[in-house]
């Protein structure tokens, strides 16, 4: 009788590919079913896939299985944000301490590399154009249809992982039919459209490649992240309708050209043909999906299938990769007793998924509006100085989320407490004047030395 341990993964995206590496290292024979064709055989370009920001949690998950060196060449460090005003003035805000950065990666590029690494183990096979249409939780059997031939078949394994994204087929065809399964889908009022800002004729970058560029405009914003070839993937987030500026008003090339000239003049200078490219990429929607439980029988939801969020904290990918890290840790802790692994997994990860979704919505306000607000900027400078003087006593919310592995739920609650505390200090002290005069250090020492 065969003693081979088997696992099925639905979805060969980032979570699915990384989790396959974890499982093969643990001795599992892994079969991955992916409904799309092999992205490595298609030209990967800007389109419906926002460039991603890889930070500490993602790196931690990859280091655990020793693949970080393979990913490093694909990652462009960004040490801070550069804000672009309507007048073309640039303001730089560092993300963290000296040497800290988040990393711009192409979703397609990093996904293709992880697929290579998963297959390289010899114990993982990816079957493309195979979609899941049903699942049996107790037997670990998935029902699969080959999209090319129309053939339908069943595949069973010891354990099944649904890593098939926000519109998860496993969640839809299986979990959502379970009694007492909670599910909500909340579309925000804003959509996004991508643009590709090409490199200069000599291949150089038109903007500083080591920063996330933001054009904050109050209710909406444009962002740009560097690609390896000198180009930038740019994303315009804006209301679909019912606003002074919204996608429904940009009906013609002339409308698009006028909009960019008026609202993003420095961007229009770099890309005067922006209106010609407008229709080449789809207008896409953004939603938050919450559900519970995340496991049933032999099946578990991971990544966006469990906790899809909006991209405004740059943590969607990192949270999905962190799921792999935590599931791997629990797999060892419980000696592959999957009932125990699954129970603890959903209990510890669900509050963190919820917290990240709340943080992501809040950060849209930060990026679109607050980053240009004088009070917000002063508070950031004040926070930065507090951390420099008392690094063991104060870590900003952004640093907790992006430069640590502190659980999202803990970072969220601590961030709220800290914000109220800092606002209180600023309300009773003229912090701006004290920073200009150099007296602010005395205030910080007075407040923090006994905390």
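Calculate how steeply helix 107-120 sits against the longest principal axis of the alpha-carbon atoms of the chain, using the helix alpha-carbon long axis, and give the answer as 0 to 90 degrees to the nearest 10.
The angle comes out near 40 degrees.
I need the per residue convex hull volume for region 373-448, using only the alpha carbons, in cubic angstrom as a whole number. Intermediate values should be presented prior to the final figure.
Values: hull volume 6.8 nm³, N = 76.
Taking the convex hull of the Cα positions in region 373-448, it is 90 Å³ per residue.
Once you wrap a convex hull around the alpha carbon atoms of region 168-319, what is its projected area averaged over all directions, in nm²? Kindly include the intermediate steps, with their values, before the conclusion.
Values: hull surface 45.3 nm².
Across all orientations, region 168-319 yields a mean hull projection of 11.3 nm².
Test of understanding: ordering 132, 291 by Cβ neighbours within 10 Å, fewest first, what list do you get? Intermediate results must be reported in sequence, preceding the final value.
Details: 132 25, 291 21.
Neighbour counts put them in this order, fewest first: 291, 132.
By how many degrees, 0 to 90 and rounded to 10, does the Cα axis of helix 408-428 deviate from the longest principal axis of the chain?
Once rounded, one gets 10 degrees.
Which percent, nearest 5, of DSSP beta bridges in the chain are antiparallel?
70 percent
Need one number: the % of Cα-Cα pairs in region 231-384 sitting beyond the 18 Å mark.
In whole percent, the share of Cα-Cα pairs in region 231-384 beyond 18 Å is 69.
How large is the translational diffusion coefficient of the chain in µm² per second when you combine the Kirkwood radius over alpha carbon pairs with Stokes-Einstein at 20 °C and 1.002 mPa s?
Rounded to a whole number, D works out at 91 µm²/s.
Fewest to most neighbouring Cβ within 10 Å: what's the order for 413, 17?
The order, fewest Cβ neighbours first, is 413, 17.
Calculate the FRET efficiency for residue 285 and residue 252 from the Cβ-Cβ distance with a Förster distance of 22 Å, rounded to the nearest 0.05.
On the way: r = 22 Å, r/R0 = 1.01.
That pair, residue 285 with residue 252, gives E of 0.50.
What base-10 log of the normalised intensity I(q)/I(0) is obtained for region 74-127 from the Debye formula, alpha carbons as equal point scatterers, at q = 0.23, 0.30 Å⁻¹?
With one equal scatterer per Cα and no solvent, log10 I(q)/I(0) is -0.89, -1.06.
To the nearest Å, what is the center-to-center distance of region 58-100 and region 312-333, using C-alpha atoms only?
19 Å
Can you sort 178, 361 so the residue with the fewest Cβ neighbours within 10 Å comes first?
178, 361
Sort largest first and round to whole Å: the equivalent ellipsoid semi-axes of region 278-318, each the square root of five times a Cα gyration tensor eigenvalue.
One finds semi-axes of 27, 12, 9 Å for region 278-318.
How large are Rg and Dmax for region 300-340 when only the alpha carbon atoms are used, in Å?
Cα radius of gyration and Dmax of region 300-340 are 12.0, 37 Å respectively.
Given a cut-off of under 8 Å on Cα pairs at least six residues apart, what relative contact order in percent is computed for the chain?
18 percent
So how much slack lies between residue 210 and residue 439, counting 0.36 nm per residue of separation and subtracting their Cα-Cα distance, in nm?
Working: separation 229, 0.36 × 229 = 82.44 nm, distance 3.30 nm.
79.1 nm is the gain from fully extending residue 210 to residue 439.
Relative to the longest principal axis of the chain, what angle (0 to 90°, nearest 10) does the C-alpha long axis of helix 14-25 take?
Between the helix axis and the principal axis of the chain, the angle is about 50 degrees.
No lab work stands behind these numbers, since they all come straight from the coordinates. In this text, all values refer to a predicted model and were calculated from it rather than measured experimentally. Virtual Cβ from ideal backbone geometry, glycine too; neighbours counted across all protein chains shown.
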